1. Along the charge dipole of the chain, pointing to its positive end and built from +1/-1 on Cβ of Lys, Arg, Asp and Glu, which listed residue (LEU118, GLY55, ILE103) has its Cα farthest out?
2. Counting each DSSP H run of 4 or more residues in the chain as -39500 (n - 2.57), what helix-only mean residue ellipticity at 222 nm follows after dividing by all residues, to the nearest 500 deg cm²/dmol?
3. Among LEU104, LEU26, which comes first, second and so on when ranked by fewest other beta-carbon atoms within 10 Å?
4. Points 7 angstrom from Cα along the Cβ direction at PHE83 and ARG3: gap in nanometres?
5. Give the long-range amide H neighbours of ASN74: residues separated by 5 or more places, or on another chain, with amide H under 5 Å away, using H modelled in the peptide plane at 1.01 Å from N.
6. Under the Karplus relation 6.51 cos²θ - 1.76 cosθ + 1.60, θ = phi - 60°, what is the ordered set of whole-Hz ³J(HN,Hα) values for the range 115-129, x standing for Gly and Pro?
7. What is the fewest-to-most order of VAL27, VAL109, VAL88 by other Cβ atoms lying within 10 Å of their Cβ?
8. What are the residues whose amide H is under 5 Å from the amide H of ALA101, where those residues sit 5 or more places off or on another chain and H is modelled from the backbone?
Amino acid sequence: MNRETYHKQMFMVAALWNWALAVTFLVLPRIDIAYFSLAGDTIPPTLLWFDSFMGLVFAFGIGFYLVSLDMKTNHGLIMIASFEKVWVFIVGFSYFLLAEASILVALIVFGDLIFGLLFMEDLRAIRKA
């Protein structure tokens with residue numbers, strides 16, 4: 001597979017990943033707040049910050065879709081996305097280590113770490129080309 005096809009497919013999968021997570025986590029608490037045992041025993045008094053974060057996750061998905069369309073542009077977004085993915089992993093995994101997030105959260109944020117590392121590798125390869 002050539003670099004351009006790889007780039008397009010990776011960012012399209014990343015967009016779908018973000019959209020699926022954002023929609024799922026925006027809908028789940030409205031179905032049953034018990035799904036928030038994903039975050040440990042603490043149920044947030046308001047979903048304002050959580051919903052805002054999920055909106056940003058969805059927006060990053062739109063950005064990943066745009067990046068998938070053209071590998072020669074949007075390098076700044078790839079850099080920001082790499083940071084965001086690694087940061088989400090650090091925060092989510094830290095909460096898991098503190099026993100304030102479930103193993104499911106740890107697995108989800110591990111997926112973000114993988115994307116972050118793949119994004120960094122892709123950006124390095126694009127810049128060398």
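Bear in mind that the values in this text are calculations on the coordinates, not laboratory data. It should be emphasised that the depicted structure is a prediction, and the values quoted were computed from it without experimental measurement. Glycine gets a Cβ as well: all are built from the backbone with ideal geometry, and neighbour counts include every protein chain shown.
1. Of the listed residues, the answer is LEU118.
2. Only helices count here, giving -27500 deg cm²/dmol.
3. LEU104, LEU26
4. It works out to 2.4 nm between the two label points.
5. none
6. 4, x, 5, 5, 4, 4, 5, 5, 4, 4, 5, 5, 5, 6, 6
7. So the ranking, lowest neighbour count to highest, is VAL27, VAL88, VAL109.
8. The answer is PHE96.
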